Amino acid sequence: ITSVSAYNVDEFVASIDFTRSVGGFYSRVAQNLFGVPGVASPEDKRSTKFSQEVRFSAPLGGRVDWLLGVFYTDEETKWLQGLSAANPQTGDLVGSFYDSLTHTTYEEYAAFTDLTFQITDPFDVQLGGRQSETRQRYDSSVDSNFTGSRTNTTVSDRRIAEDAFTYLLTPRLKLSSDAMVYMRLASGYRV
């Protein structure tokens, strides 16, 4: 029995000077709405991911090896982006005219198995399959004020659920203790 667990946290926090971007458009908006020409684009992004895989392998008689496993992953990302008017002399933020919050989640459940048949001592064939199910969710909201009146746009509860079956077939011939020839036929799946 083999168990592999992983937990990851990825954080990104930055503020980028957008004063001269888009031909100075954002600078003109900041000047009209807040009386300062500077524009900062703050970003704050945090992603967490947990995954777990458990595999069981055992011989089935003298000529067959069996592998059985399950896999799970759970990911979540929150990403805040904005455009804020900034005083170029002090760096102080004096008002916001664009804020975007995106929240995504992703889950995957999978079960897999493969059998390796030892046809002769130097020749074996591996046959395997994997069934997976994924669930994704996307929520986003934008609050903007480019003209002096706030607008709020919300896109929420966009959900996607998919499942897929993949397979592999791998014949392998050991030519010596240092050399081997094999061929793999496999299907793939990308979310």
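Across the chain, C-alpha contacts under 8 Å between residues 6 or more apart give a mean separation that, scaled by the residue count, equals a relative contact order of 16 percent.
With a simple spin-label model that places each label point 7 Å from the Cα along the Cα-to-Cβ direction, the separation between Thr113 and Ala186 comes to 2.0 nm. When the charge dipole of the chain is built from unit charges on Cβ atoms (+1 for Lys and Arg, -1 for Asp and Glu) and taken about the Cα centre, the candidate among Tyr7, Gly23, Phe56 whose Cα reaches farthest toward its positive end is Gly23. Against the main long axis of the alpha-carbon atoms of the chain, helix 25-34 sits at an angle near 50°. For the chain, adding -39500 (n - 2.57) for each run of n ≥ 4 DSSP H residues and dividing by the number of residues yields -1500 deg cm²/dmol at 222 nm. Ranked by the mean number of other Cβ atoms within 10 Å of their residues, highest first, the peptides 72-84, 155-167 come out as 72-84, 155-167.
The charge dipole of the chain, taken about the Cα centre with unit charges on the Cβ atoms of Lys, Arg (+1) and Asp, Glu (-1), comes to about 380 debye, rounded to the nearest 20. Here the Karplus relation 6.51 cos²θ - 1.76 cosθ + 1.60, evaluated at θ = phi - 60°, turns the backbone of the stretch 131-141 into coupling constants of 10, 9, 9, 10, 9, 10, 9, 9, 10, 8, 9 Hz, with x for every Gly and Pro. Candidates (i) 16.8; (ii) 19.3; (iii) 21.3; which is the computed Kirkwood radius over Cα pairs in Å? Evaluating Kirkwood radius over Cα pairs in Å on these atoms matches (iii).
Electrostatic tally near Val9: other residues with Cβ closer than 9 Å to its Cβ, Lys and Arg +1, Asp and Glu -1, net 0. So what is log10(I(q)/I(0)) for the stretch 86-191 at q = 0.14, 0.15, 0.16, 0.17 1/Å, when the Debye sum runs over its Cα atoms only? Ignoring solvent entirely, the Cα scatterers give -0.77, -0.82, -0.87, -0.92. Using 0.36 nm per residue and subtracting the Cα-Cα separation, the extra length available between Asp139 and Asn8 on full extension is 45.0 nm.
Quick note: the coordinates plus some simple rules give every number you see, no bench work behind them. Because the structure is a prediction, the values reported are computed rather than measured. We place every Cβ from the backbone using ideal geometry, glycine too, and count neighbours over all the protein chains shown.
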